[in-house]
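The values are calculated or read from the model by the stated rules, or taken from the named source; none is laboratory data. As the structure is a computational prediction, the values presented were derived from the model and not from experiment. Here the Cβ is made from the backbone with ideal geometry for all residues, glycine too, and neighbour counts use every protein chain on show.
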Amino acid sequence: MKHRNSKGLRGLATALGSVLPVLFCLGLLVGPVRQANAGWEQVHGILSRINAPRFPNRDFKLTNYGAVGDGQTDCTEAFRKAISAAHEAGGGRVVVPAGSFLTGAIHLQSNVNLYVSKGAVIRFSLNPSKYLPVVYTRFEGVECMNYSPLIYAYEQENIAITGKGTLDGQASDENWWRWKKIQADDVNVLRNQGETGVPVERRIHGGGKLLRPNMIQPYKCQNILIEGVTIRNSPMWHIHPVLSTNIIVRNVKVIGHGPNNDGCNPESCKDVLIKDCYFDTGDDCIAIKSGRNNDGRRVNVPSENIIIQNCEMRDGHGGVVIGSEMTGGVRNIFAENCTMDSPNLDRALRIKTNSVRGGTVENIYLRNVTIGQVAEAVLKINFLYGEGDTGNYTPTVRNINLENITSRKSKYVLSIRGYDRSPIRDVRLKNCTFNNVEKSNVLVGVENLVLRNVKINGELFQ
């Protein structure tokens, strides 16, 4: 083991020498370090703009509108009536009391807080027809008319899902998750519609098609709070705000190990706080997105100003992930004081794209992150994801900063593959310690890789 690790470190030093011959010239490190510190100075200003919505002190108890908490009675109409009553009254809480409430799609309206009490479980129907008629949504970065997300809002403001209760999508290999294996034809139809510019209102899916809905999706909304609830077993992505601003996801627990069971995926969103959350997922824990391919270029709205604090990541393909649907770009992402640890967590920070999807990723900051183990790399950046280098939209990735990161076990510290024509630029690691690293790092297409006070298997890189 000692010999293998020493060989890996020599390989790292050789690769670094080919990437940046003057890497360890201390005089060249001052500018990058100052730039990294300046990035964190933006956090206060972003947080000052992110404020939880407030609601009138009025309660609308779900059971007063015909709901029965026996787990069998269809409460879809009761949810609709209670939410409408709260909205028409000028706002308030729709209170779901203790019990098990079966429902189809829930559509939130402005100034309504869906409060799921401790001991309450909202169980979502496994009948796809309960999520019709179709609504304006996104499926894997492409806009379409599809099944309603389980909880949906369109062009609303001041909305919330709070409380200590549970949202249970009830998805499993026997129902929604099974669609993953047979969805390819319908997915290809939608992607072709996006590439050829078919108007969104004519991209009609839903009934009879196999594009799974996400669990919670505020679309073109502002002032959003999701707090306290436990969210389980979505058909697909669990929390998926799109084209929305001023979003707080706080003290939420997300558990779901199905295909594409991402935890929280802000897409083309601005001013987002994800704090004190727990993720144990079948895909990425947090994945930041901004549309896919031609449809992403048509909408052309980035995700930006996203802060992740004090979160715990267990199973998943990645802890903090950018992409792969990131055509509209991603910038100004800050993650701090998080823990990540599982043999089934593949990477800590991952950026994935290619020359079909393109996009620009810049100004990414991680600090004070404690990693027990990840199965692959602490940092993975890959320009050969999915379709590989087969398109005309060369991606750009620059200004990636990791500070005070520790890891007890990984295959690689860095696995970075850029293009010669578009190298990944300005990757900086400062005050980091990585132990039990199995292999030398992969560094292809990288410029200005800077290590300062970084220890790998006990060997110091200045």
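Odds and ends about this structure:
- Residue check, ILE416 touching a Cys at 6+ places or on another chain (Cβ under 8 Å), crowded, with 19+ Cβ neighbours inside 10 Å and not acidic (Asp, Glu): no
- First in region 115-129 and on the phi < 0 side of the Ramachandran plot, second anywhere and at pLDDT 95 or above and basic (Lys, Arg), Cβ under 9 Å, 6 or more apart: TYR115/ARG93; VAL116/LYS164; SER117/LYS164; LYS118/LYS164; ALA120/LYS164; PHE124/LYS130
- Members of region 226-262 found to be of a type in the set (D, E, K, R) and not in a loop (DSSP other than H, G, I, E, B), listed by number: GLU227, ARG232, ARG250, LYS253
- Condition broken by LYS81, with the remaining ones in (1) in contact (Cβ under 8 Å) with a residue 24 or more places away in the chain; (2) within 21 Å of PRO56 (Cβ to Cβ) satisfied: (1)
- Filter result for ILE308 (more than 11 Å from VAL249 (Cβ to Cβ), in a strand (DSSP E or B) and either polar (S, T, N, Q) or within 11 Å of the chain's Cα centre (by Cα) (or both)): no
- In region 16-44, the residues that are of a type in the set (Gly, Ala, Ser), in contact with a strand residue (DSSP E or B) (Cβ under 9 Å, 6 or more places away or on another chain) and at pLDDT 50 or above: ALA36, GLY39
- Considering residues of region 355-370 that are surrounded by fewer than 20 Cβ atoms within 10 Å (Cβ to Cβ) and hydroxyl-bearing (Ser, Thr, Tyr) only, the residue nearest to ILE333 (Cα to Cα): THR360
- ARG350 part of a loop (DSSP other than H, G, I, E, B), crowded, with 23+ Cβ neighbours inside 10 Å and either modelled with pLDDT of 95 or more or not basic (Lys, Arg) (or both): no
- For ARG54: the one exception among (1) closer than 30 Å to ASN305 by Cα; (2) among the basic types (Lys, Arg); (3) part of a helix (DSSP H, G or I): (3)
- Scan of region 178-211 for residues that are touching a Gly at 6+ places or on another chain (Cβ under 9 Å) and either loosely packed, with under 14 Cβ neighbours inside 10 Å or free of Cβ contacts under 8 Å to residues at least 12 places away in the same chain (or both), ordered by number: none
- Selection of region 353-396 for residues being of a type in the set (A, V, I, L, M) and assigned to a strand (DSSP E or B) yields VAL361, ILE364, LEU366, VAL369, ILE371, ALA377, VAL378, LEU379, ILE381.
- When residues of region 258-305 are limited to those that are closer than 19 Å to SER355 by Cα, among the charged types (D, E, K, R) and surrounded by fewer than 24 Cβ atoms within 10 Å (Cβ to Cβ), the one farthest from the chain's Cα centre (by Cα): ARG298
- Qualifying residue in region 94-110 (condition: surrounded by fewer than 18 Cβ atoms within 10 Å (Cβ to Cβ), under 24 Å from GLY207 (Cα atoms), without any contact (Cβ under 8 Å) to a residue 40 or more places away in the chain and among the hydroxyl-bearing types (Ser, Thr, Tyr)): no
- Inclusion of VAL242 among residues that are touching a residue at least 24 places away in the same chain (Cβ under 8 Å), under 12 Å from PHE139 (Cα atoms) and either in contact with a Pro (Cβ under 8 Å, 6 or more places away or on another chain) or not hydroxyl-bearing (Ser, Thr, Tyr) (or both) is warranted.
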